[in-house]
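The next block holds one structure in the form of structure tokens; read it before the comments.
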Amino acid sequence: MSSPPKEEAVKPGNFLRTVIEHDLAAGTYTGRHFAGTPGDAAHHAAGPVDDAKIRTRFPPEPNGYLHVGHAKSIWLNFSLAAEYGGVCHLRFDDTNPEKEEQEYVDAIVEMVHWLGYDWQANGTGHLYYASNYFDFMYRAAEALVEAGHAYVDEQSADEMRANRGDFNTPGTPSPFRDRPPADNLARLREMRAGNHADGAMVLRAKIDLGHPNINLRDPTLYRIKRATHHNTGDTWCIYPMYTYAHPLEDALEGITHSICTLEFEDQRPFYDWVLERLAEAGLLAHPLPKQYEFARLNLSYIVTSKRKLRQMVEEGIVEGWDDPRLPTLVGMRRRGYTPESLRLLAERSGVSKAGGWIDYSSLDIALREDLDAKAPRAMAVLDPLKLVLTNWNDVIGKGQTLPCTAPAHPGQPERGLRHFTLGPEVWIEREDFMEEPLKGYHRLSPPRFDGQGKRIDGSIVRLKYGYVIQCTGLKKNFDGTVAEVQAKLIPDTRSGTPGADAVKTKGVLTWVAAHEALAAEVRLYDRLFTEAQPDAAGRDFKSCLNPDSKKVVSAWIEASLADAMPDAKFQFERHGYFVADREDSAPGMPVFNRTVTLRDSRAQK
């Protein structure tokens, strides 16, 4: 019922698919009602039978930008809903007003859409805010107090922490734990009315202070916090804790399968406790949501902690949340990563209870697979060295240029040809010339004498899509660096003509003609960190920063790229995949970001 992108035809099995298929076969959620909007038991009972077979949700907290790890959760929730005839909700878990901002809300909506997902179903949008349920959450809290399942604790935070015990010691009851429900209700209403200072008291569930799962030792449900909320303003001075709010949100929205990462596994008993107590009170109806946990996506050579990402942004280590070196989705989009590659990585990484690390190269492999079929080709010279064709006037004619063509995509002839010209001066890569060539070097080298005084002719190579040439000499700058390479055209060797194969060559050079080359800034991005797990074992992640994670070069590119639109992706032949920067490119003044090289040079070492 959602409209996600098409996934791979063969879907590997995983335990979540097994759970859902079992529930569908058993009719676990058959016949439940959904009123079309979130609400309590009475609200949904008045509505029709839910035509969604399952309901899932992606519930980010709007306190930062989404990163690559979130992409897996998004893919998992939306794709499972689509696969099994369900609906996936986008819900903002905005119960912490101090850290949440509208900027993050807007960015999250944009990125979920960018990944290709939508929360519309049968003409109804399913985008929700936890803060819109604050009235019900408070009503539920009063019901828990009245039933003797919650109490107001006036101990200090330090006292509560000390009295909670540890894995070897049971907790010590608060002196306020056995206060009558009527007194607790009065205190709770005083909290709600703003009669007490921040931190003066909290509302706690009354469960089991000796439970081996410390999360069940009377966890906090509400705290006093005077803070302006991005959605509700100053309406509330008490706010629910996430672990209390989350199961209520799921129940109000009719979620069937609440899928989250493994760090919430220990919270599942409390999740179930809250829902069962409120079902007993008649506020929620069976069947209740069930929580299932999977191992999060751990990708090497990045950090995904929001605190550490924010630190890098605020300290100027990176150039904003959309810096192409960051694993934020806005940064990855700007780098040139595609939604398809992220979904492919998510599928291939599997869904299980077992954690583990995935090397970043796995994402690059998925990206290359996606871009290889999509990206049109172009030539670019990133480290330019001038090549002068000394016999141009004799072979081609003074003032003349030579039309050349190349496929827009070598594997897709239907995409047509791209057109450019060859002239007497071209730009080549500096690494394509070596004055004293090493053994096995098959690019340009000048005439020279070997150790026995025997003359060696200049090397012969082909200018791709053009002519075969032979190196004849060079010019140097005052400092001894090579300023210019000289070569002669070999007649009758033009690509695409009968004589093209008359002269055999081992080297083929990419190039851009000087007379029509377009100057461009090209940003060569690499991994931001030099260590696979930069923040492991308490290490200062900033000590692992890669000083070469960004290099900016002045390049020459095919003139056809002058009109490249922001986010347009290309394969620069021999160099890799590049994207026109969405922020800094301008007509006639393009800026390109390197997304990924054609192959992983690290794997070859």
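Going by Cα centres, region 577-592 and region 306-370 are how many Å apart?
21
How high is the relative contact order of the chain? Use alpha-carbon pairs under 8 Å, at least six apart in sequence, and give a whole percent. Mind dumping the intermediate values first?
Values: 1169 pairs, mean separation 66.7, N = 605.
Result for the chain is 11 percent.
Based solely on its DSSP helices, what 222 nm [θ] is calculated for the chain when runs of n ≥ 4 H residues each add -39,500 (n - 2.57) and the sum is averaged over all residues, nearest 500 deg cm²/dmol?
On the way: 14 runs with 149 residues, N = 605.
When only DSSP H runs of four or more count, the value is -7500 deg cm²/dmol.
Taking all protein chains together and a probe of 1.4 Å, list Phe570, Phe449, Phe264 from the most accessible to the least accessible.
On the way: Phe570 30, Phe449 135, Phe264 60 Å².
The residues order as Phe449, Phe264, Phe570, largest area first.
Between Phe529 and residues 5 or more places away or on another chain, which pairs have amide H atoms under 5 Å apart, with H built 1.01 Å from N, and which residues are they?
Excluding prolines and chain starts, which carry no amide H, the hits are Asn546.
Which whole-number value in Å³ per residue fits the convex hull of the alpha carbons of region 157-242?
Details: hull volume 8.7 nm³, N = 86.
Here the figure is 101 Å³ per residue.
Order these peptides, 577-589, 436-448, by their mean beta-carbon neighbour count within 10 angstrom, highest first. Could you put the intermediate results ahead of the total?
Details: 577-589: 17.5, 436-448: 14.3.
Ranking the peptides 577-589, 436-448 by packing returns 577-589, 436-448.
Provide the per residue accessible area, probe 1.4 Å, for region 252-298, rounded to a whole number of square angstrom. Mind dumping the intermediate values first?
Values: 1690 Å² over 47 residues.
It amounts to 36 Å² per residue over region 252-298.
What is the mean projected area of the alpha carbon convex hull for region 72-218, to one decimal in square nanometres? Display every interim value, and only then the final one.
Values: hull surface 48.9 nm².
The orientation-averaged projected area of the Cα hull of region 72-218 comes to 12.2 nm².
With a 10 Å radius around each residue's Cβ, average the other Cβ atoms per peptide and rank 392-400, 357-365, highest first. Write out the running numbers ahead of the final one.
Working: 392-400: 13.3, 357-365: 17.8.
Going by the mean number of other Cβ atoms within 10 Å, highest first, we get 357-365, 392-400.
Hull surface divided by four, with the convex hull built on the Cα atoms of region 188-230: how many nm²? Walk me through the intermediate numbers first.
Values: hull surface 15.6 nm².
Averaged projected area of region 188-230's Cα convex hull equals 3.9 nm².
Tell me, what % of the accessible area of region 177-270 is carbon and sulfur with a 1.4 angstrom probe?
Values: 1720 of 3520 Å².
Of the solvent-accessible surface of region 177-270, carbon and sulfur hold 49 percent.
Could you state, as a whole-number percent, how many of the C-alpha pairs of region 446-605 are farther apart than 24 Å?
Working: 7295 of 12720 pairs.
More than 24 Å apart: 57 percent of the Cα pairs in region 446-605.
Kirkwood hydrodynamic radius, computed over distinct alpha-carbon pairs, for region 59-98: how many Å, to one decimal?
Working: mean 1/r = 0.0885 Å⁻¹.
Evaluated over region 59-98, this radius sits at 11.3 Å.
What share of all Cα pairs of region 1-142, in percent, falls into each consecutive 10 Å distance bin?
Values per bin, smallest distances first: 11, 36, 36, 17, 1.
Could you tell me how far the Cα centroid of region 69-101 sits from the Cα centroid of region 478-513, in Å?
First find each Cα centre; the distance between them is then 55 Å.
Taking the convex hull of the alpha carbon atoms in region 426-503, what volume per residue do you get, in Å³?
On the way: hull volume 8.6 nm³, N = 78.
Looking at region 426-503, the number lands at 110 Å³ per residue.
Could you quote the convex hull projected area for region 292-422, Cα atoms only and averaged over all directions, in nm²?
Details: hull surface 52.2 nm².
Result: a mean projected hull area of 13.0 nm².
Can you give me the Cα centroid spacing of region 460-477 and region 180-197 in angstrom?
Going from one Cα centre to the other spans 86 Å.
At 20 Å minimum axial length over the Cα atoms and a Kyte-Doolittle cut of -1.0, report the qualifying DSSP H helices in the chain, or say none.
Sorted by number, the helices that extend far enough and score high enough are 68-83, 360-374.
Cα atoms only, the chain: Rg and Dmax in Å?
31.9, 107
May I have the extent of the alpha carbons of region 494-579 along their three principal axes, as whole Å values ordered from largest to smallest?
Result, largest extent first: 66, 33, 19 Å.
Computing the accessible area with a 1.4 Å probe over protein heavy atoms, can you report the carbon and sulfur percentage for region 28-160? Walk me through the intermediate numbers first.
Working: 2150 of 4420 Å².
Carbon and sulfur atoms account for 49 percent of the accessible area of region 28-160.
Taking the mean number of other Cβ atoms within 10 Å as a proxy for protection, how do you rank 594-600, 85-91, 29-35, 239-245 from highest to lowest?
Numbers: 594-600: 18.1, 85-91: 24.0, 29-35: 15.6, 239-245: 21.1.
In decreasing order of mean packing, 594-600, 85-91, 29-35, 239-245 become 85-91, 239-245, 594-600, 29-35.
Where both residues lie in region 196-321, what percent of DSSP beta bridges are antiparallel, nearest 5?
Numbers: 7 of 12 bridges.
Bridges in region 196-321 that DSSP calls antiparallel: roughly 60 percent.
To the nearest 10 square angstrom, how much accessible area does Thr304 have with a 1.4 angstrom probe?
40
Sorted from largest down, what three extents in whole angstroms do the Cα atoms of region 378-468 have along their principal axes?
54, 33, 21
Quick one, can you get me the convex hull of the C-alpha atoms of region 171-319 expressed as volume per residue in Å³?
Details: hull volume 27.7 nm³, N = 149.
Measuring per residue, one finds 186 Å³ for the Cα hull of region 171-319.
The values are calculated or read from the model by the stated rules, or taken from the named source; none is laboratory data. On a predicted model such as this, the values are computed, not experimentally measured, just so you know. We place every Cβ from the backbone using ideal geometry, glycine too, and count neighbours over all the protein chains shown. Accessible surface areas use protein heavy atoms only, side chains included; no ligands, DNA or RNA. Shrake-Rupley method; radii C 1.70, N 1.55, O 1.52, S 1.80 Å.
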